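The values are calculated or read from the model by the stated rules, or taken from the named source; none is laboratory data. For clarity, every value in this text was computed on a predicted model and none was experimentally measured. A quick note on method: Cβ atoms are made from the backbone with ideal geometry, for glycine too, and the neighbour counts reach across all protein chains shown. Protein only, heavy atoms only, side chains kept; ligands, DNA and RNA dropped before computing areas. Shrake-Rupley method; radii C 1.70, N 1.55, O 1.52, S 1.80 Å.
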Amino acid sequence: MARLLTLGATQVDIGQGDVPWDVLADPEGNEFCVLRPGHPGVLADSGLVAICLDVAEEDRYAQWAFWQSQADWHAVESHDWGVRLRRSPASTVSLVMGPPAAPKEARNRLRLEVTQRDWEPGEFLDASGNEFHVTG
């Protein structure tokens, strides 16, 4: 985390409470989480380990089913805080779907870009209204 702060990131509070990760913002204000060493969701020494999507608890199953069917990633964890999907149990990158810290009010500043041969290229919404782009 110290390296990210030196590069211009700042610590922010988005209402996350007492969690085992730190929330930072890049110089443009885009929030991201840094998992602390020893966090059970980390299967790699460094680099990208999780992509997080906000999802309300009542939409969790629909969101999980959507991404499982579209990306062929499978749930490896399901808890009160959300669900973690991975391409395989040993994959180092996971898709985490957890409760939003605040209601969605505008377009996501970050969107997923998905390669999907069976779809026409374009922008779509997942089951919780998160934008994603299909490259075809």
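Residue by residue through the stretch 40-55, note down the ones that are in contact with a helix residue (DSSP H, G or I) (Cβ under 9 Å, 6 or more places away or on another chain) and without any contact (Cβ under 8 Å) to a residue 40 or more places away in the chain. Listed by number, the list is empty, since nothing qualifies. Consider Gly98 carefully, then state whether it is under 21 Å from Val83 (Cβ atoms), small (Gly, Ala, Ser) and within 13 Å of the chain's Cα centre (by Cα). Answer is yes for this residue. Only one entry in Thr10, Thr92, Thr115, Thr6 is closer than 17 Å to Phe132 by Cα and open to solvent by 40 Å² or more (accessible area, probe 1.4 Å), namely Thr115. Out of curiosity, is Leu24 touching a Ser or Thr at 6+ places or on another chain (Cβ under 7 Å) and either loosely packed, with under 13 Cβ neighbours inside 10 Å or at pLDDT 80 or above (or both)? Spelling it out, Leu24 is indeed touching a Ser or Thr at 6+ places or on another chain (Cβ under 7 Å) and either loosely packed, with under 13 Cβ neighbours inside 10 Å or at pLDDT 80 or above (or both). When the stretch 84-113 is examined, which residues are found to be at pLDDT 85 or above and aliphatic (A, V, I, L, M)? Those that are at pLDDT 85 or above and aliphatic (A, V, I, L, M): Leu85, Ala90, Val93, Leu95, Val96, Met97.
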